[in-house]
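Colleague: Dumping the structure here so I can ask a few things about it.
Only the coordinates and a few stated rules stand behind these numbers; no lab work does. Model, not experiment: these values are computed from the prediction. In this analysis, Cβ positions are derived from the backbone assuming ideal geometry, glycine residues included, and neighbour counts consider all displayed protein chains.
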Amino acid sequence: MNILTFRSQEELNKAGAGIITGLVQTNPRAVLGLATGGTPVDIYEELVEAHRQQLVSFAKATTFNLDEYVGLDRNHPASYYSFMQEHLFGYVNAAPERCHIPDGMASSLEEECRRYDALLEQAGQIDLQLLGLGHNGHIGFNEPDHALRSGTHVVKLQEQTREANARFFDKPEQVPTHAITMGVGTILKAKMILLVVRGSDKAEIVARALQGPITTECPASLLQTHPHVVVLLDSEAGGRL
Ligand code: GLP
């Protein structure tokens, strides 16, 4: 595991975006696993800027988002579909037919999970999976549990997770109770994982995830088993290492 700690957000953002653009420049058909939440927003802004300067093209890339809320229309402002439009897809030349996000409104969520896994299978291995980290150690929406699922599945969100995401909704009770998430098996199959964490409120979970015991009670700790993980931290998030 390669852990890099940055003094400034700007340096961290440039490093994160640099890794992604470097990959897509050398392999324009790269398969990218993408994340939502507050953490990647400024990295996406850097990617948009690199695209604006014609340093990178996403025209041939394929993308898979980690997760989506169940029961939110994709045009709802807090859906992850809207998030991706607002922060990345609305400004770069990625082909919409190759930008995949689970459909949280599917009439059969089970079928939607199978459809998503089939698309992942068809695309082959994810070249780079971008991840944020939940306060409870979740990756994607894989919440701590006594057992974790490998493939895409529906998950009940923990109250702590719903509270952390309430800032994206008008009222806390509007945060959906369930989500569809890529499983940890799929995440760990990625060739490379880029974990980004910011802020002192994540310092403790960063230490548990990167240096604590490997346990499904801290899903991010499973990343310790992966051969190619790069971790980008600001100095606050890295404060307990
Ligand atoms: C969210 C997302 C995760 C994200 C994490 C941290 O709920 N499902 O993919 O990494 O929680 O979010 P944030 O970056 O806003 O702290």
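Colleague: If the only charges are +1 at each Lys and Arg Cβ and -1 at each Asp and Glu Cβ, what is the size of the charge dipole of region 2-234 around the Cα centre, to the nearest 20 debye?
Modeller: Dipole of region 2-234, to the nearest 20 debye: 560 debye.
Colleague: Extending each Cα 7 Å along its Cβ direction at Lys60 and Glu121, get the distance between those two points in nm, one decimal.
Modeller: In this crude spin-label approximation the distance works out to 2.7 nm.
Colleague: What residues have an amide H closer than 5 Å to that of Ile3, excluding those fewer than 5 places away on the same chain, when H is modeled at 1.01 Å from N in the peptide plane?
Modeller: HN-HN under 5 Å from Ile3: Val231.
Colleague: For region 99-241, what's the radius of gyration and Dmax over Cα atoms, in angstrom?
Modeller: Values for region 99-241 (Cα only, Rg and Dmax): 15.3, 45 Å.
Colleague: Mind jotting down the distance between the C-alpha centroids of region 114-159 and region 220-240, whole Å?
Modeller: Centre-to-centre distance over Cα atoms comes out at 17 Å.
Colleague: Using a 10 Å Cβ count of at most 13 others and DSSP loop calls, identify the longest part of the chain lacking such trypsin sites (Lys or Arg not before Pro).
Modeller: The longest such stretch corresponds to 30-241.
Colleague: Which shape class applies to the chain: rounded if a/c is under 1.5, otherwise prolate when a/b exceeds b/c and oblate if not, where a ≥ b ≥ c are the square roots of the Cα gyration tensor eigenvalues?
Modeller: Judged from the Cα gyration tensor, the chain comes out rounded (a/c under 1.5).
Colleague: Next question, about the same structure. Taking every DSSP beta bridge with both residues inside the chain, roughly what % is antiparallel (nearest 5)?
Modeller: Close to 25 percent.
Colleague: Where is the GNM fluctuation largest for the chain (alpha-carbon springs, 10 angstrom cutoff): Gly37, Gly134, Gly183?
Modeller: With Cα springs under 10 Å in the chain, the top fluctuation among Gly37, Gly134, Gly183 is at Gly37.
Colleague: About the Cα centre, and with charges only on the beta carbon of Lys, Arg (+1) and Asp, Glu (-1), how big is the dipole of region 123-201? Nearest 20 debye, please.
Modeller: Computed charge dipole of region 123-201: roughly 240 debye.
Colleague: Using r as the Cβ-Cβ distance of Glu86 and Arg240, and R0 as 35 Å, what FRET efficiency do you calculate, to the nearest 0.05?
Modeller: Plugging the Cβ-Cβ distance into 1/(1 + (r/R0)^6) gives 0.60.
Colleague: Per-residue ellipticity at 222 nm for the chain, helices alone: DSSP H runs ≥ 4 residues times -39500 (n - 2.57), over residue total, nearest 500 deg cm²/dmol?
Modeller: -9000 deg cm²/dmol, from helical runs alone.
Colleague: Once the dipole of region 2-234 is set up with Lys and Arg at +1 and Asp and Glu at -1 on Cβ about the Cα centre, which of Gly134, Gln85, Gly185 lies farthest towards its positive end?
Modeller: Highest projection toward the positive end goes to Gly185.
Colleague: Could you give each residue of region 227-241 its phi-based ³J(HN,Hα) in whole Hz, using Karplus coefficients 6.51, -1.76, 1.60 with θ = phi - 60°, and x for Gly or Pro?
Modeller: Per residue, the Karplus-derived 3J(HN,Hα) values read x, 9, 10, 10, 10, 10, 10, 7, 5, 5, 5, x, x, 9, 7 Hz.
Colleague: Another question, then. Using R₀ = 41 Å, calculate the FRET efficiency as 1/(1 + (r/R₀)^6) where r is the Cβ-Cβ separation of Lys171 and Glu111; round to 0.05.
Modeller: 0.85
Colleague: Relative to the present Cα-Cα distance, how much length would full extension add between Arg7 and Asp145 at 0.36 nm per residue of separation?
Modeller: Result for the pair: 46.3 nm of gain on full extension.
Colleague: Now a separate question. Which residue fluctuates most in the GNM of the chain (Cα springs below 10 Å): Glu112, Glu46, Glu159?
Modeller: Between Glu112, Glu46, Glu159, it is Glu159 that shows the largest mean-square fluctuation.
Colleague: To continue, here is another question. Can you list the DSSP H helices in the chain whose Cα atoms extend at least 15 Å along the helix axis and whose mean Kyte-Doolittle hydropathy is -0.5 or higher?
Modeller: Within the chain the helices that satisfy the rule are 9-26, 41-52.
Colleague: Could you state the orientation-averaged shadow area of the convex hull built on the Cα atoms of region 1-76, in nm² to one decimal?
Modeller: 6.6
Colleague: Continuing with this model, one more query. For Gly239, what is the net charge nearby, where nearby means another residue's Cβ is under 15 Å from its Cβ and Lys, Arg count +1, Asp, Glu -1?
Modeller: Net charge in that neighbourhood comes out at +1.
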